[in-house]
Amino acid sequence: ANFRNIGEELKRLEVANIDGALFDLGLSSTQLEVSGRGFSFQRDEPLWMTFKAKPEEGDVTAEIIVNRWSEENITAILRGFGEERFARSIAKKIVTARKECPLRSTGELVEVIRQATPLRYQHGRTHFATRTFQALRMAVNDELGAIERGIRSVVPLLTTGGRLAVITFHSVEDRLVKRLFREFFQIDHSVRQITKKPLTPNADELRKNPRARSAKLRVVEKL
C-alpha cells in the first residue's frame, strides 16, 4: 500500500505498536522504465506518470498538468519538486507548445524541454529532462504528502526505544524528513536524534552500487 496508508494498514492487521520502521524512498528504476506510464524520458509513452496501473477518471496526470495548469503553477512544480534551474523557461515553452497541439507523450515533452534549455545544459552529466520528469511525477502522486502522512502515522505507534529510519534520494525529500524529525525532537519531544547529520554511502558502497550516491539516512528513536 502507499506510505500514506500505513496507519490504516497496521490497524487492519491489528498491529497496535511497532518496534521499528524503515522508509526506503527510492524508486525501482527498472519497474518505472518498463511500466509504459511515462516515467522514462528514454521511451515515447503516454504522459501519465501515475503509480496506478492506469489512471482513473478524475485522477491528475502529467498530461493534465502540462496541458491545463497555468504557467505559474507549472513553474512552481518544476522549481519546488525538481529544483529545475530553467523552470520558468520550460514552463513558458510548455504553454506555448500546447497552444499549437496538446502534449500527449513523453517524447513530445522531452522535445519541448530541449527547446527551452541551453545547449550546455543538454550535454551535462544528468539528462536535461530528469528534473522536469521528477517534478511532474512527484506532483501527480503527491509523494511528499504521502511521505509526511506516513511518517506522522508511524511515530505515535513506535514503542519506547523503537526507531524510525528514513532513506531519501534527493534534497527535496531530505529537507522534508529533516523538518519533520526536528519537529518531533524540538517541539513534540517525542523522539531523540540518532543521526544528527545524515549518514551517506562510503566509497565501498558506491563501488558496489553507484546509484546510491545521493542516498541519505536519518534515524530517530522514540522516547
Report summary line: Expected single match for part of a loop (DSSP other than H, G, I, E, B) and exposed (fewer than 12 other Cβ atoms within 10 Å of the Cβ) among 120, 179, 207, 125 is 125
Query - Out of 131, 192, 163, 152, sole residue that is of a type in the set (Lys, Arg), open to solvent by 30 Å² or more (accessible area, probe 1.4 Å), farther than 15 Å from residue 3 by Cβ and assigned to a helix (DSSP H, G or I) - result: 131
Query raised in the report: Given the conditions (1) out of contact with any helix residue (DSSP H, G or I) (no Cβ under 6 Å at 6 or more places or on another chain); (2) at pLDDT below 95; (3) not in a loop (DSSP other than H, G, I, E, B), which single one is not true for residue 4?
Result: (1)
Query raised in the report: Can you find even one residue in region 118-135 that is closer than 23 Å to residue 8 by Cα and of a type in the set (Phe, Trp, Tyr)?
Result: no
**Report entry** Pick from region 56-73, criterion more than 16 Å from the chain's Cα centre (by Cα), open to solvent by less than 60 Å² (accessible area, probe 1.4 Å) and hydrophobic (A, V, I, L, M, F, W, C), ranking: nearest to residue 98 (Cα to Cα)
**Finding:** 66
**Report entry** Near pairs, Cβ below 7 angstrom, 6+ apart or cross-chain, from region 115-132 (within 23 Å of residue 29 (Cβ to Cβ) and free of Cβ contacts under 8 Å to residues at least 40 places away in the same chain) to any residue that is acidic (Asp, Glu) and open to solvent by 40 Å² or more (accessible area, probe 1.4 Å)
**Finding:** none
**Report entry** Candidate set: region 7-46, residues that are modelled with pLDDT of 90 or more and of a type in the set (Val, Ile, Thr); chosen: the one surrounded by the fewest Cβ atoms within 10 Å (Cβ to Cβ)
**Finding:** 15
Query raised in the report: Does region 136-146 contain any residue that is within 29 Å of residue 54 (Cβ to Cβ) and β-branched (Val, Ile, Thr)?
Result: yes
Query - Condition broken by residue 51, with the remaining ones in (1) modelled with pLDDT of 95 or more; (2) within 30 Å of residue 164 (Cα to Cα); (3) part of a loop (DSSP other than H, G, I, E, B); (4) not charged (D, E, K, R) satisfied - result: (1)
Query raised in the report: When region 74-103 is examined, which residues are found to be part of a loop (DSSP other than H, G, I, E, B), crowded, with 17+ Cβ neighbours inside 10 Å and among the charged types (D, E, K, R)?
Result: 84
Query raised in the report: Quick one: in region 210-220, which of the residues that are open to solvent by 40 Å² or more (accessible area, probe 1.4 Å) and in a helix (DSSP H, G or I) is modelled with the lowest pLDDT?
Result: 211
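The values are calculated or read from the model by the stated rules, or taken from the named source; none is laboratory data. Computed from a predicted model, the values in this text were never measured in an experiment. With ideal geometry, Cβ positions are generated from the backbone for all residues, glycine too; neighbour counts draw on all protein chains shown. The area values use the complete protein model at the heavy-atom level, side chains included, leaving out ligands, DNA and RNA. Shrake-Rupley method; radii C 1.70, N 1.55, O 1.52, S 1.80 Å.
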